[in-house]
Amino acid sequence: MSAMPPEVLDFIRKRVVADVEEGKLADGIVTRFPPEPNGFLHIGHAKSIALNFGVAEEYGGKTFLRFDDTNPLAESEEFVQAIQRDVRWLGYDWEDRLTFASDYFHELYYFAEKLIEGGHAFVCDLSSDEIRSTRGTLTTPGTSSPYRNRTEEENLNLFREMRAGKFQEGTKVLRAKIDMSSPNINLRDPVIYRILFAEHHRTGTEWCIYPMYDFTHCICDALEKISHSLCTLEFEDHRPLYDWVIEHIGVNHHPPQIEFSRLGLEYNVMSKRIYTSLIEQGFLSGWDDPRVPTISGLRRRGVPPASIREFTRRIGVTKQDNLVETELLDFCIRREFEESAPRSMAVLDPLKVVVTNYEGQDERLEAPWHPKHDELGEKTLTFGREIYIERTDFSEDPPRKYRRLTINGMVRLRYAFIIRCDEVIKDIEGKITELHVTYFPESRSGQDTSGLKPKGVIHFVSGNNAVPAEFRLFDKLFTTRIPDTNNIDEQINRESLVVKQGYIEGAMHKADFSQIQFERAGYFVEDQESTSESPVYNRTVTLSDGYKVPVSVN
RNA sequence: UGGGGUGUCGCCAAGUGGUAAGGCAACGGGCUUUGAACCCGUCAUUCGUAGGUUCGAAUCCUACCACCCCAGCCA
């Protein structure tokens, strides 16, 4: 696989290039994407995936997909499968480099014993509460465990007994012996192994002790000869511990940990906890709800993987905290579909229109599937006495510069005829129920001899050509740019899902397109719940809208 | 008032001593049977603030300010 690096290199790619030029990479460029299989991947992970796989592709390296599965309480095979599917869908291939931290449990155990033998780790009998209270605070040093000075032999025996299941959970842990007064709390004799009588999704009941992240991750990186261990900023404080472990276990490969900032997206949170809660409340339909920025949610919404890749390319990689506007993602989606998506007309919120001077059978009209790409072919639509237009395309009291239908006004029906509105029919409550219009037979699209110049063009579906369909329109899930996770319920956008019952054109119903642009309405994808009898379309993104409702100046 | 980071246009983001790239958004205009797309143009005398060094500073020095992360037997 090869790919071009971005035109402007980020600091990580610059570092990679420099390392290559200096001949520092005896084993080549090797990266890894290390998810914990405890949830679904979201767009923030996509940034990391694109970085790790991208760097390797661009510079002839390799990437491991390594599951960081050291906490059997939280992890499951379900997530292992979902994550693999998502990474693959995004367009990345780990080939034969699928690994698990649990693949290395024996090596990890071996290194733990080596650490003990070197006097660098000890078995501690303190409870977790005691460990916490002796750790000190941000401004005061911690105090050493009374078990800190056990002999190597005692530690080794105890650790072996831990492994053999002789002790209850929580009664003993293995701790690295570093420095209880370090200003870096991670170095205050961190726990590196704990007892957990839990079944692991891969190793079953083989182990009752499990290594902690800080001990595991760096060793796995070293064993896989990772050349650049890329992670997010919150691990910066862990780097000294990462280095400490590598230096004290005696391996000959020491990957550099390099940190970058995680992705922030406006009006979104990247919190598993919150989405889990919204799903449980029934506000969201699941992890693949199209309003959620999970990979599966984006996929269901219709966002193509290429757009996500383009998005990650455009946001760059830095150490600055960032909050990217959703407009950029929207742009990347539209960019992907503009040339390729066939066009169709659909009426999302129908208003019935009677063409009073039309008699007889429907007339057939030809229209291209794409105005710029003839190779996509043509379709047939019809025009008849009864048609549907969009409710928002008619106004009794039009604002200035309104270019749609008004009373006594004219408008062209896309690919069909010009009509003039003569009469507005309302029910007793004053709601408009239908329009009576006149059409101009000589204004037929492509052979217009009417000389009429209406100011606007609107879309329509003919009554005899209309197939009922459901449209699901999505908006921001939260009302705040930076949702406060403490009182998230108050910031939920209750209008984030709007369902409309309207019509698609017959030719569209018969066709089999994965993506479509309903003209003037946006790009849509057929939802997984859609059937031929009751089609359902998800709006992936709206079209960008140059029309601004004029501000009324009174 | 410990430690680790970050501060360049509304949002991303280049630039690392030679006089502020680019993208998104926005705003004008052209074109248009999608108010789309497309095409043109505008958009930081200024780089968190204040001093200093220098012929010259976003880039070097000093002080200050703001924001983010860290006290799981989570990752």
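The values are calculated or read from the model by the stated rules, or taken from the named source; none is laboratory data. Nothing here was measured: the structure is a model prediction, and the numbers come from that model. Every residue, glycine as well, gets a Cβ built from its backbone with ideal geometry; the counts of neighbours run over all protein chains shown.
Results, tabulated for the structure shown:
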| item | result |
| --- | --- |
| Residue list for segment A:239-279, filter: modelled with pLDDT under 95, part of a loop (DSSP other than H, G, I, E, B) and in contact with a strand residue (DSSP E or B) (Cβ under 9 Å, 6 or more places away or on another chain) | A:Val269, A:Met270 |
| Some residue of segment A:319-329 being of a type outside the set (A, V, I, L, M, F, W, C), in contact with a helix residue (DSSP H, G or I) (Cβ under 7 Å, 6 or more places away or on another chain) and farther than 30 Å from A:Val55 by Cα | no |
| Restricting segment A:315-330 to residues that are part of a loop (DSSP other than H, G, I, E, B) and of a type outside the set (Ser, Thr, Tyr), the residue that is surrounded by the most Cβ atoms within 10 Å (Cβ to Cβ) | A:Val317 |
| Segment A:183-197: number of residues that are surrounded by fewer than 21 Cβ atoms within 10 Å (Cβ to Cβ), within 12 Å of A:Pro141 (Cβ to Cβ) and more than 6 Å from RNA strand B (Cβ to nearest atom) | 1 |
| Residue count for segment A:129-183, restricted to those that are farther than 19 Å from A:Ile116 by Cα, out of contact with any Ser or Thr (no Cβ under 6 Å at 6 or more places or on another chain) and either of a type in the set (Ser, Thr, Tyr) or not in a loop (DSSP other than H, G, I, E, B) (or both) | 10 |
| Qualifying position, being away from RNA strand B (no atom under 11 Å from the Cβ) and of a type in the set (A, V, I, L, M), among A:Leu73, A:Leu126, A:Leu25 | A:Leu25 |
| Options A:Glu7, A:Glu36; residue that is within 11 Å of RNA strand B (Cβ to nearest atom) and without any contact (Cβ under 8 Å) to a residue 24 or more places away in the chain | A:Glu7 |
| Residue match in segment A:326-348 (condition: within 10 Å of RNA strand B (Cβ to nearest atom), among the charged types (D, E, K, R), in contact with a strand residue (DSSP E or B) (Cβ under 9 Å, 6 or more places away or on another chain) and within 28 Å of A:Thr479 (Cα to Cα)) | yes |
| Qualifying residue in segment A:307-314 (condition: away from RNA strand B (no atom under 14 Å from the Cβ), outside any helix (DSSP H, G or I) and closer than 28 Å to A:Arg15 by Cα) | no |
| Filter result for A:Gly451 (more than 47 Å from the chain's Cα centre (by Cα), within 16 Å of RNA strand B (Cβ to nearest atom) and exposed (fewer than 11 other Cβ atoms within 10 Å of the Cβ)) | yes |
| In segment A:13-60, the residues that are among the β-branched types (Val, Ile, Thr) and either touching a helix residue (DSSP H, G or I) at 6+ places or on another chain (Cβ under 7 Å) or surrounded by fewer than 19 Cβ atoms within 10 Å (Cβ to Cβ) (or both) | A:Val16, A:Val17, A:Val20, A:Ile29, A:Thr31, A:Ile43, A:Ile49, A:Val55 |
| Test: residue in segment A:292-303 that is in contact with an Asp or Glu (Cβ under 9 Å, 6 or more places away or on another chain) and in a loop (DSSP other than H, G, I, E, B) | yes |
| Tally, over segment A:421-439, of residues that are crowded, with 18+ Cβ neighbours inside 10 Å and without any contact (Cβ under 8 Å) to a residue 24 or more places away in the chain | 0 |
| Any hit, segment A:206-229, residues being free of Cβ contacts under 8 Å to residues at least 24 places away in the same chain and surrounded by fewer than 16 Cβ atoms within 10 Å (Cβ to Cβ) | no |
| Some residue of segment A:355-375 being more than 15 Å from RNA strand B (Cβ to nearest atom) and β-branched (Val, Ile, Thr) | yes |
| Check on A:Glu470, part of a strand (DSSP E or B) and either more than 16 Å from RNA strand B (Cβ to nearest atom) or under 21 Å from the mean Cα position of the chain (by Cα) (or both) | yes |
| Qualifying residue in segment A:76-92 (condition: under 17 Å from the mean Cα position of the chain (by Cα), farther than 13 Å from A:Pro34 by Cβ and among the small types (Gly, Ala, Ser)) | yes |
| Segment A:202-247, subset farther than 20 Å from A:Ile29 by Cα and of a type in the set (A, V, I, L, M), residue farthest from RNA strand B (Cβ to nearest atom) | A:Val245 |
| A:Thr449 being over 16 Å from A:Ile387 (Cα atoms) and of a type outside the set (A, V, I, L, M, F, W, C) | yes |
| Unmet requirement for A:Met1, which otherwise passes all of (1) under 19 Å from A:Ile315 (Cβ atoms); (2) at pLDDT below 95 | (1) |
| Residues (closer than 20 Å to A:Arg188 by Cβ, touching a residue at least 60 places away in the same chain (Cβ under 8 Å) and in contact with a Phe, Trp or Tyr (Cβ under 9 Å, 6 or more places away or on another chain)) located in segment A:230-247 | A:Leu241, A:Val245 |
| Single residue of segment A:166-176 satisfying the filter (within 16 Å of A:Arg132 (Cα to Cα) and surrounded by 16 or more Cβ atoms within 10 Å (Cβ to Cβ)) that is farthest from RNA strand B (Cβ to nearest atom) | A:Ala176 |
| From A:Glu234, A:Glu247, residue being under 30 Å from A:Tyr109 (Cα atoms) and within 21 Å of the chain's Cα centre (by Cα) | A:Glu234 |
| Cβ pairs under 6 Å, 6+ apart, first in segment A:302-323 and under 15 Å from A:Gly91 (Cα atoms), second surrounded by fewer than 18 Cβ atoms within 10 Å (Cβ to Cβ) and modelled with pLDDT of 95 or more | A:Pro305/A:Trp89; A:Pro305/A:Gly91 |
